[in-house]
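The block underneath contains the structure these notes are about, expressed in structure tokens.
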Amino acid sequence: MSTEPPPPPGEEWPTTEQTAVSRETVGPAGPPPPPEEPGSRIGWGLLVGILVLALVAAGILAVWLLTRHHHHKQPTTVTVTTAPTTTAAPKVAVPRLIGLKEADALVRLGQVGLRPKEIYRPTKKPTKVVVSQKPQEATEVRKGTQVTLVIDNGAPKVAVPDVKGLKVDQAVAKLDALGLSSTQTQVTSTDPAGTVVDEAPPAGQRLAKGSTVTLSVAKGAPTTTAPTTATGTTTAATTTTAATTRATTTTAQPATATVPDLSGQQLQGAAAQLGQAGLLASVQYIPGSDPLETVEAQSPTAGKTVKARSHVTVNVSSGPGQKPQKTVPNAVGQTLDQAVSTIKAAGLRVIFLKVPVTTRTQAGKVVEQSPASGKTAPQNAQVLIYLGAFRP
């Protein structure tokens, strides 16, 4: 049974032969398009993807490089903007320093972080005391600022005048006019009585006003009775005169002495006061904040009765601050000029007093010194020497 549908109305189904003829009339069909290769579509997509990935990677790399460069430079930028010069030092108030001792003023400045500049001038104020300051107290300044301190270094100094050969009252008046004190020691001399035959310190040496100059004053030669007859009378008169001289000498040299009060004095004045009392000084330098050579202690104490010509230990200040220590040289047996040269070469100074000696070879020579040879003393300190003065 045929399964083909009936032809539409008015038309007839072509026969088999008609169908074949129809195909021949149309002509053969062209070759079919080449089938699309499966790999070509995938290859182009892969290429495009790789290109996109490369662009993305390049972008990421560029961003990373820029970021890395930025972070690498950042520490330098931070250092510049936070430089220490842009931070101001804190301010402090300048303390009051006037009236303080030098050492105390330096400590006070250090406590608030300020620097000192010290200027030394002679004034009438106590030695080593601050007499003025700049900036003034309560001024607000930055830490580390320099504060100028004017510090007293003792009374103005004057040259000792030459008073040898003058009457003692004239010599005293001349010293008084210069602001110098004086003490007197009676000595045997051929000069008229009451005449100054020597002075210590010597003329020309500079001393602070108020210092003491020791005057050696002639007490006059002993008088003798002129002989009226023969030799026996003259001999008797001479013998009597000699006995009188010995008695006077014995009276001038008492067996005991009372120790004076030396506290607060300068070494030179203390040594002279001991000499007037018939005593000798043994000098020792000890650490202290008082001015150089201020008497800090003594032994025996004031008021004690001791043997004449005995020694009194005098402890004097080495002065405030650290000072180089010098070894005291040996000046015993030298003349005054030699001793001054020897001690000065060691970085020290000389003060001297005279003591009676009975041997002519000791006259004018150093018979004792203090501190003793080999001891130490601060630079520019004084060494006390005793010069022999012949007493027959």
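Just one of the listed residues (Val141, Val147, Val131) is in contact (Cβ under 8 Å) with a residue 40 or more places away in the chain, in a strand (DSSP E or B) and surrounded by fewer than 18 Cβ atoms within 10 Å (Cβ to Cβ), namely Val141. Here Val312 meets each of (1) surrounded by 17 or more Cβ atoms within 10 Å (Cβ to Cβ); (2) assigned to a helix (DSSP H, G or I) with one exception, condition (2).
To keep it simple, each residue is scored yes or no on (1) aromatic (Phe, Trp, Tyr); (2) on the phi < 0 side of the Ramachandran plot; (3) in contact with a strand residue (DSSP E or B) (Cβ under 7 Å, 6 or more places away or on another chain).
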site	(1), (2), (3)
Lys125	no, yes, yes
Glu137	no, yes, no
Ile151	no, yes, yes
Gly154	no, no, yes
Lys157	no, yes, yes
Asp169	no, yes, no
Thr185	no, yes, yes
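In segment 332-368, the qualifying residues are those that are among the hydrophobic types (A, V, I, L, M, F, W, C) and farther than 20 Å from Leu207 by Cβ, and the one that is surrounded by the most Cβ atoms within 10 Å (Cβ to Cβ) is Val366.
Every residue, every condition in (1) farther than 30 Å from Lys326 by Cβ; (2) modelled with pLDDT of 90 or more; (3) among the hydroxyl-bearing types (Ser, Thr, Tyr), yes or no:
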position	(1), (2), (3)
Thr245	yes, no, yes
Ala255	yes, no, no
Pro260	no, yes, no
Ala272	no, yes, no
Leu280	no, yes, no
Gln284	no, yes, no
Gly288	no, no, no
Glu293	no, yes, no
His311	no, yes, no
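Here segment 163-179 is the region considered, the condition is being modelled with pLDDT of 85 or more and in a loop (DSSP other than H, G, I, E, B), and the residue that is farthest from Leu215 (Cα to Cα) is Leu178. When the residues of segment 204-213 are filtered to those that are under 14 Å from Phe352 (Cβ atoms) and of a type in the set (A, V, I, L, M), the one that is surrounded by the fewest Cβ atoms within 10 Å (Cβ to Cβ) is Leu207. Per the conditions (1) part of a strand (DSSP E or B); (2) within 30 Å of Pro126 (Cβ to Cβ), the sole criterion not satisfied by Val355 is (2).
Filtered by the rule that a residue be hydrophobic (A, V, I, L, M, F, W, C), touching a Leu at 6+ places or on another chain (Cβ under 9 Å) and either without any contact (Cβ under 8 Å) to a residue 12 or more places away in the chain or in a loop (DSSP other than H, G, I, E, B) (or both), segment 316-352 gives a lone residue, Val328. Within segment 369-392, the residues that satisfy the criterion of being crowded, with 18+ Cβ neighbours inside 10 Å and either at positive phi or assigned to a strand (DSSP E or B) (or both) are Gln369, Ser370, Ala377, Pro378, Gln382, Val383, Leu384, Ile385, Tyr386, Leu387, Gly388, Ala389.
A search for C-beta distances below 7 Å between a residue of segment 257-276 that is in contact (Cβ under 8 Å) with a residue 60 or more places away in the chain and outside the structural domain of Thr185 (by TED's automatic domain parsing) and any residue that is of a type in the set (A, V, I, L, M) and assigned to a helix (DSSP H, G or I), counting only pairs 6+ apart in sequence or on different chains, returns nothing.
The values are calculated or read from the model by the stated rules, or taken from the named source; none is laboratory data. It should be emphasised that the depicted structure is a prediction, and the values quoted were computed from it without experimental measurement. As a convention, Cβ positions derive from the backbone with ideal geometry for all residues, glycine included, and neighbour counts pool all protein chains shown.
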